[in-house]
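Presented below is the structure to which this report refers.
The values are calculated or read from the model by the stated rules, or taken from the named source; none is laboratory data. Just so it is clear, the structure is predicted and the values come from calculations on it, not from any experiment. Heads up, the Cβs are rebuilt from the backbone with ideal geometry, glycines too, and the neighbour counts pull from every protein chain shown. We work out accessible area using only protein heavy atoms, side chains counted, and drop any ligands, DNA or RNA first. Shrake-Rupley method; radii C 1.70, N 1.55, O 1.52, S 1.80 Å.
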Amino acid sequence: MRLLYILATYLLFPLLFPALCLHRKTRHGLWQRLGFYARGSLPPRGDGPVVWLHGASAGDLLALSPMFGPLRARFPGCQLILSTMTDSGYAMATGRLAKDIDGVVYAPYDLWGATRRAVKALRPDVLVLEYTEVWPNLIRAAKRGGARVVMTNGRFSPANVERYRWLFRLIGNPLKDFDLMLMRHEDEAQRARSLGARPDWVRVTGNTKFDSLASGPAAEDNVLREVLGLPVGARVLIAGSTHEGEEDVLLGVYRRLLARWPDLRLVIAPRYVDRAPRVVALAREAGLGVGLRSQGNPERGQVVVLDTIGELSRAYRLATVVFVGGSFTKRGGQNILEPAGQGKPVLFGPHMDNFKDSVAVLAGHGGIQVEDAEALHARLAELLEAPGRIEELGAQALETVGRISGASERNAEAMTTLFPHGRAGPR
């Protein structure tokens, strides 16, 4: 059955390859994706174990980042190598996360040859895969190379369980190769067991993405305020991680609010920064002054487009209230806990399928879900009329984030059980 999967990947790969090379998320790092690494692209092997952590995108790497410290504490001298599929993830790893890791690579395509070359080059002692990143060839290559394989923040959607079951019957069950499956919730742990994971290898430890938020809000960033062109004391609505089709809605809501609160400023952070020119054009079509953060907003526009990577969390510190995108489209939402961790009230739309766990803890506790543009306008108007209510909701959001932390420590501790005869070391 494994052979069937290997053959299928090689048959399908030529069909997918042109799209992978041209897509804006995945068009760089071709040789690394094939398992070839230039001299000097990997750190020299140290005395401690190599922990290879894989997250598909920038947001996934941020969710892994709270584990860096706990892993170093429990595996002294370890090397932390990150892999990612997207160009934005690679930029995040080489920028914001660079000081905390030892190396970063593009994840290999899940081909028999590419994964084996990657494992041979990186020589991991532990491979950590996040969420539902179940790549059979990579998992098998890691196991054959002597690594332990771990899932963190594990999740299996109930809607997809039968599809997984059918696929695993067809190609062999990769869950049997995991040494630990660290799940977010008990219901997801039950689904993992029902799909064939060994019950004693499945544990519920929570979601590490909550941990990076638990330290509380940082002080306002006056440098960023200046380059965004936001007047001191002005009300600020920040729309984070927006997608195509949402900016039109937000600009319409903003124009209505502006008539009552002329000092209100709107910061739009598109999920993909290469959409910034499109957002600028929409704002101008709406008759609004607009500027780019990358240019320092010289126009001092009412609308500012955050067209840089890695600054959204900083920008949230400046917000009066936040709307998180991906939720008025079929995208399935974006991270609503990041602004909550800055002590800000968070509004979001009805489509939050990928962040149901976040909605469950935040809705009614500093988070507000709205059905459409009219409801968004109504709730924003209510909040802007009641500054005390904004402070109350922000405090609730911060308290909620503080209550759900600790998964990173639990995950790192669980990984120590993989080596019952002592700490992992170089091979």
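Points to keep in mind about this one:
- Cβ-Cβ under 7 Å pairs, at least 6 apart or on other chains, the range 46-62 side farther than 17 Å from residue 79 by Cα and of a type in the set (S, T, N, Q), far side in a helix (DSSP H, G or I) and open to solvent by 30 Å² or more (accessible area, probe 1.4 Å): 57/88
- Listed conditions (1) under 17 Å from residue 29 (Cα atoms); (2) without any contact (Cβ under 8 Å) to a residue 24 or more places away in the chain are all met by residue 85, apart from (2).
- With respect to the conditions (1) in contact with an Asp or Glu (Cβ under 8 Å, 6 or more places away or on another chain); (2) loosely packed, with under 15 Cβ neighbours inside 10 Å; (3) among the basic types (Lys, Arg), residue 256 falls short on a single one, namely (1).
- Matching residues in the range 292-335 - criterion: being farther than 20 Å from residue 373 by Cβ, open to solvent by less than 10 Å² (accessible area, probe 1.4 Å) and in a loop (DSSP other than H, G, I, E, B): 297, 301, 306, 318
- Candidate set: the range 45-59, residues that are within 22 Å of residue 138 (Cα to Cα) and open to solvent by 30 Å² or more (accessible area, probe 1.4 Å); chosen: the one modelled with the highest pLDDT: 45
- The single condition among (1) over 26 Å from residue 407 (Cβ atoms); (2) among the hydroxyl-bearing types (Ser, Thr, Tyr); (3) open to solvent by 30 Å² or more (accessible area, probe 1.4 Å) that residue 106 does not meet is (3).
- Unique match (being within 29 Å of residue 93 (Cα to Cα) and of a type in the set (Gly, Ala, Ser)) among 343, 366: 343
- With respect to the stated conditions, residue 391 is acidic (Asp, Glu) and surrounded by fewer than 22 Cβ atoms within 10 Å (Cβ to Cβ).
- Residue tally, condition touching an Asp or Glu at 6+ places or on another chain (Cβ under 8 Å) and open to solvent by 90 Å² or more (accessible area, probe 1.4 Å), over the range 1-35: 3
- Of all residues in the range 76-97, those satisfying the criterion of being open to solvent by less than 10 Å² (accessible area, probe 1.4 Å) and farther than 22 Å from residue 48 by Cβ are 84, 89.
- Test result for residue 114, in contact with a Gly (Cβ under 6 Å, 6 or more places away or on another chain), small (Gly, Ala, Ser) and open to solvent by less than 10 Å² (accessible area, probe 1.4 Å): yes
- Filtered by the rule that a residue be touching a Leu at 6+ places or on another chain (Cβ under 7 Å) and free of Cβ contacts under 8 Å to residues at least 40 places away in the same chain, the range 162-178 gives 164, 165, 168.
- Options 63, 38, 73: the member that is of a type in the set (A, V, I, L, M), part of a helix (DSSP H, G or I) and open to solvent by 40 Å² or more (accessible area, probe 1.4 Å): 73
- Of the helices (runs of 4 or more DSSP H) that lie entirely inside the range 209-288, those containing 3 or more residues that are modelled with pLDDT of 95 or more and farther than 18 Å from residue 319 by Cβ span 246-258, 276-285.
- When we screen 338, 374 for residues that are surrounded by fewer than 14 Cβ atoms within 10 Å (Cβ to Cβ), out of contact with any His (no Cβ under 7 Å at 6 or more places or on another chain) and not basic (Lys, Arg), the only hit is 374.
- Considered as a group, the residues in the range 279-291 that are under 14 Å from residue 230 (Cβ atoms) and not β-branched (Val, Ile, Thr) include one that is most open to solvent (accessible area, probe 1.4 Å), and that residue is 289.
- Residue check, residue 148 out of contact with any strand residue (DSSP E or B) (no Cβ under 7 Å at 6 or more places or on another chain) and under 27 Å from residue 186 (Cα atoms): no
- Qualifying residue in the range 119-131 (condition: crowded, with 19+ Cβ neighbours inside 10 Å, assigned to a loop (DSSP other than H, G, I, E, B) and among the acidic types (Asp, Glu)): yes
- Out of 301, 341, 333, 289, one residue alone is in contact (Cβ under 8 Å) with a residue 12 or more places away in the chain, closer than 20 Å to residue 403 by Cβ and among the small types (Gly, Ala, Ser). It is 341.
- If you check 155, 163, 140 for being in contact with a helix residue (DSSP H, G or I) (Cβ under 7 Å, 6 or more places away or on another chain), open to solvent by 10 Å² or more (accessible area, probe 1.4 Å) and modelled with pLDDT under 95, only one passes: 155.
- For the range 179-189, a tally of residues being free of Cβ contacts under 8 Å to residues at least 60 places away in the same chain and closer than 17 Å to residue 64 by Cβ returns 2.
- All conditions in (1) within 30 Å of residue 119 (Cα to Cα); (2) among the small types (Gly, Ala, Ser); (3) open to solvent by 50 Å² or more (accessible area, probe 1.4 Å) hold for residue 407, with the sole exception of (3).
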